[in-house]
Every structure is written in C-alpha cells, then in structure tokens.
C-alpha cells in the first residue's frame, strides 16, 4: 500500500486485547490505525482524524456503537457522514445486526473475528470509498472549470489595472485634487476592486468549493424544525398556523437539508398564504407518499371564495430557492387553497 496515502481506519472497541489485535493486524497490512475504547471517544477521534472506515463494537460503556454511527451519519460534512461502517457483534445477536443495518451500517463481523475476512472486507469497502471520493473530487474540478469558463479570461488583469490606477491617483500625481472627497472615492474603488478579486479567486479555489458542497446540510426532524420555525414568529402570525403532529411522529424519517434554505422558502410560502387572506388559519400537515418522499401540505382555511394562491405565493421564486436542495414546491390548482412542498426520498434518513 502506498506510503503517500495510507488508508485511515478507526477501531472502536472497549475490550483492550481485541482492539489491540485488530489494530496490530491492520497496521501490518499497511493501514494507519486510530484506537478508541467507546463511542464517545470514538467520535472525538473520528472528528480529529477523519478516517476512511470505522470498525466498531456495538455494546460499549458511555456510548455504544449505535450512538457513534448516528453521530457520524448526522455529520454536516457529506464525506464524513458517508464513511463505511463495520460493526462487530457476537454470534447469535441477529437483532443487533438488523438494528445496525437500519442505521445504515455497511457491514458486520461476528466474534470471534475472522481476521482474514476482516481485512478483505476493509479492503473492499475502502476501495469503493476511494472511488466515491474520486467522483466527488472530479465533480469539484468540473464545477471549478465551469466557473472559469463563465468568467472573462482577462478578468484579473482588468481588476489589477483598476487597483493600480486608483492607488496611483490617491497620490495626486497631477497636482492637488479640487476636493478631498475624491481621495475617499479612490480609496473605495481600490478596496472594492481588491475585494472583488479575492471573491473571484475564492470562487475558483477547490478547497472553498469543497467546503461549500459539504458544510451546509444538517440532519433534523422536519416536524420539530417546523415547530421551532412557527414558535419564532410573532404572535400575530404564529397563532394563525396549525401544525398537525403526524401519526407516529417518532418513527418518521429525519431530513438532511440546509436549514437556511428551508427557512427562506418557508418565509416566502407563509408570506404569500397570509397575503391571500389576512384573517384565516393555515393548516400544515406532513406525510410520506407512495414514492417514499416527504410531503408538507399547506392548506389555507379561508371562507373567501375564489382565492388565487398562485397570485400571492410566488411559486417560481420558492422553487428557485428549493432547487438548491432538489426539493419541489407547487400550488395545487386542482385542490382549493393548497400548496405542497416535496422533499425527495434520498434526503430522508430512517430512524
């Protein structure tokens, strides 16, 4: 295995002998191994070392393997929360395996551990993971190239001329200026041209693109999120929103979305609904449809005849906001006073 890029493995096991045996074997195979004795310490090590794969026991003190897996999958960073996970379980603990799979563990090994099988599984999982990472890096490079194509080839040259000329003019090379205000204006030109140059450079910086692709999303309960959103509104508006609690809300999948994007969309949706009728209540319900998508239904309980939600709710603008998360919004003409927000199934995470 190449010394330039060692595959990093995190081994989380409370039994020291087993943990040390696993670590020793993996190091002999050329892996870089980090150790932790429970889920809590494992997550700290995970955040510090950013491993390519995690091997974890299930039953441990302080935090078990399930808790560790949940924290990893809820990570805001897309690459981190997709790290392959292999659980260690005792023979006959079928329910542990099922629970781990439901939490999106990638595989499991039965104790006593077959170390040859363990090494084979780890090599297979990390090879697949590295392929996914290469696709991710290629996407970033493609995005960077697309941004470069849109920008004029000589953009930096133009900006450099602006900063240089404004800097020279501040020195009053042609004699005193008629008003000192000119100096302030030259200063503004210089500062803003410099800022613009930095912004463009950032747009082409691969690490900045990578951060933007990875850092914004969060995993949360949509029902709790809507509750918090409504609670933060002024009394004038929150008293007009009826949020229905879904049946068996605890078992509903959580959503993996950018909170700020959803907040922006909700503000525009509710603003349009309230504009349609300044007195009526808005009923909000949630459900999972036959395509395993999450549907949020907004119903304006108005007594006014022939209200046109489309005239007040800017569907195009809301769709443009939600498009950043591949969600959809639609005012339903066939159902009176109704609009629907659809969250695709791949953005839902089972509990």
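Just so you know, all these numbers are worked out from the coordinates, no wet-lab data involved. Please read all numbers here as calculations on a predicted model, not as lab measurements. Positions of Cβ are backbone-derived with ideal geometry, glycine not excepted, and every protein chain shown enters the neighbour counts.
Note on the range 218-349: Rg/Rh from C-alpha atoms, Kirkwood Rh, equals 0.94. Modelled this way, with points 7 Å down the Cα-to-C-beta line, the labels at residue 128 and residue 267 are 4.2 nm from one another.
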